[in-house]
1. Checking the cross-link filter: which aspartates and glutamates have an alpha carbon closer than 17 Å to that of A:LYS327, excluding same-chain neighbours under 8 positions apart?
2. Check which residues have an amide H placed less than 5 Å from A:ILE166's amide H, if you skip close sequence neighbours.
3. Looking at chain A, what % of its DSSP beta bridges pair antiparallel, to the nearest 5?
4. Please identify every one of the GluC sites (Glu not before Pro) in the stretch A:259-345 that sits in a loop by DSSP and has no more than 12 other beta carbons within 10 Å of its own beta carbon.
5. Using the crude model of +1 on Lys and Arg Cβ and -1 on Asp and Glu Cβ, and no other charge, please compute the dipole size for the stretch A:81-230 relative to its Cα centre, in debye to 20.
6. Once the convex hull of the C-alpha atoms of the stretch B:181-246 is built, how many Å³ does it hold per residue, rounded to a whole number?
7. So if I take the centroid of the Cα atoms in the stretch B:160-183 and the same for the stretch B:289-338, what is the distance between those two points in Å?
8. Pull out a ≥ b ≥ c, the square roots of the eigenvalues of the alpha-carbon gyration tensor of chain B, then state rounded if a/c is under 1.5, prolate if not and a/b is larger than b/c, and oblate in the remaining case.
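What follows draws every value from the coordinates through simple rules; no lab data is involved. The model shown is predicted, which means the values in this text are computed figures rather than measured ones. Note that each Cβ is placed from the backbone with ideal geometry, even for glycine, and that neighbours are counted across all protein chains shown.
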Amino acid sequence: MTDKVEKSGITRRHTLGIAGAGLLAALVNFKAVHAQDKKLKVGLIMPNYDQLRWKNADQAFFEKQAAELGIEVLAQASNASESLQASQVENMLTQGIDVLVLTPVNANAANALIRKAKQASVPVINYNFLINKGDVVCFLGRDAVEMGEKIAQAVVSAHPKGNYVIAAGEESTSVAKETRQGFLNVLKPFLDKGDIKLVSDQFNKNWSTDSARAQVENALTKNNNDVVAVLCGNDGTAYGAVQALQAQGLGGKVFVTGVDAEPRAQELIKQGLMALSNFTAFDQMGVEAAKAAFAVGQGKPIEASATVNNGLKDVPWIKILNFNVTKDNLDQASKDFPWWFAKQG
Amino acid sequence: MSMSARTTLTAQTTTNKGGTFRNLPEMMSHGELRLLPLIIVLMVVWMVMQYLTGGLFLSARNLTNLSGQVAITALLTSGAVLIMIPGFIDLSLGATVAAAAVVAAMAGAQFELPLWQTIVVTLGFGLVIGLWHAFWIAWMKVPSFIVTLGSLLAIRGLSLVITNAETISPSPDILVISDTSLSATLSIAVLMGFWLAFALLQLREWRARTQAGIQSSFLSVVGIPVTSVGIFACGVMVVAVSYRGLPLPVVFVLAVVALTGWLLRYTAFGRRLYAIGGNRQAALLAGINIRAHVSMVFAFMGLLYGLAGLVLVARLDSAPPGAMQGLELNVIAAAVIGGTSLMGGRGTVAGAVIGAILMESLSNGMSLMNLPSAYQSITVGLVLLFAVYADMRGRGGRFGD
């Protein structure tokens, strides 16, 4: 606290001034457009942009469909932060949205957001992750149990007997648990008969490729490399399984499955190192969400094929198409979904 | 007031002659009005946001939202200033606040404690962590960077273990913290009290200086600060009265700011914190009990973990064990933008809170403009960079040139 320190005021004043001016210049370019007409205004919140799908599939196709329907879209991604998402919901409500399409960062922490929307009389459409006990108008998502069953069906028809490994995803997500449940639904009769033995069945923290690799390595060590299939929670965990198998010279000899059909998974399928990866039509999901938001905004009924109980009530459920991508249908899939499969290197 | 406090004031005021507006630039770079540039920047940002959002930004509704969005950072940044002034740092905030939220949720929902006991348990939990930090830093002499980094990892892990990595829902009565707003009359009373107390303290300081024969300008000690705080209080009053009243978390912020601001400016304890940060050796030789002072600030910070955890659990109506990652960096950034030095010895609570409001205003405004979050990060990052650059320049020779 001497005179020397006191100089700081001038310097800080100047630099803050520069910062302020720079900010001004940056922001003027992004002046928000405020539509004067009575367009339907829909808020779309994505959980993050870390995975390829959110920005390039879900949001892109939502916005495209919204433009066709004449909806104004406010889109934000929550950087995987619950508190940022809470602020974004408040700010969207301030901007006067008519409908909110919410992909929760944390499906167990989203009820406060729904309540805020309700206070502002804004209906909420629940996107991708089912919100526990959420008072929402409808849910869009794949049926992860059914997806797990579809994958396991393909595995048991190729290998009706032998040692199996399940490398499931992050335990705290419903999709990881439900996918595994789907696997087990199909495997149960085989396990009871004793034809199939589940030699390793674990969840992998944060969908970690590394931990999946370690799990499969250990399973191979314990069973003297006698494993016929590895069922994985997503493509990331499947990469770990493939690495573990290759290290033992088993690449391509064991049936490995993944979920999402990421570009790298497509490559591994082509090489025969992975047997299949389940693909969900995220484009269709974005399109259906925009249509549902439009219907809700107009006060019209939602076309849903099923209902799902989220603990509070039966919610109309718009199910999204999914299918197994294998060597045989990879080319067809590339034609049907170029926005996803064209991304491969 | 202690000796060290008196000498500090003397050093500031002897350079500060006369009380006319001609000396305003000089007064701004010295002493009391050091915050004025920051306030001006905040005002400019608000005006720009008001324009760019087509009048939404300064609506009572949005300002009320903004106050709720900034509350947790503002609460913690007040405590962070107390820690940073004597030259320490706290990197554990994100983890400890999330853990406090988990404790609050579990106490209410799983152990079915009544609300007041939940609050006591949560604050107690925070205090225990604060004392844990104090023990390692003040007694075992481990650098605070390492101790709190250890907590960042360990306490986050602890939350995941006790919750089994699942998000806990609190008992509904805790929502009273986020849903309660003071009535209009009560809001006005609280704000008037806040302003009056500030005015009286400034007046007392001016009188003390004059009586001690220190030349002191009434304008810079009482006039401008009291007027600006008055304008701020009136603004908050108008907003609070025209929307839903003063939200309870904002009352917490005001109380913590008033308490820490008073501690730092008007008590020997606070002035000694500056002395410790300015020159630890000299402070020790001057007979300051560094251990006791450091323990006090970390214990106080512990209470703030608990308080912020309560606000968080009420705001999210859930306690995700992985919540608030990176909060510690936001809090430190807010303090630094507000003029707190990372090297210790310098900083004010008011500055830090304005820094927090500035950062949250940028986020809120850009979110209202519906700017993609990537651009929001770029802007906030640049603002932080400029502020830290200014902080380094302000320290002069310390960094070498």
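1. Filter leaves A:ASP235, A:ASP260, A:GLU262, A:GLU267, A:ASP336.
2. Here A:SER200, A:ASP201, A:GLN202, A:LEU231 satisfy the definition.
3. Numbers: 8 of 45 bridges.
Around 20 percent of the beta bridges assigned by DSSP in chain A are antiparallel ones.
4. On the way: sites: A:GLU267, A:GLU288, A:GLU303; in loops: A:GLU303.
Qualifying residues, ordered by number: A:GLU303.
5. Numbers: 15 positive and 16 negative charges, 37 e Å.
Roughly 180 debye, rounded to the nearest 20.
6. Residue-normalised Cα hull volume stands at 51 Å³.
7. 17 Å
8. Cα axes put chain B in the oblate bin.
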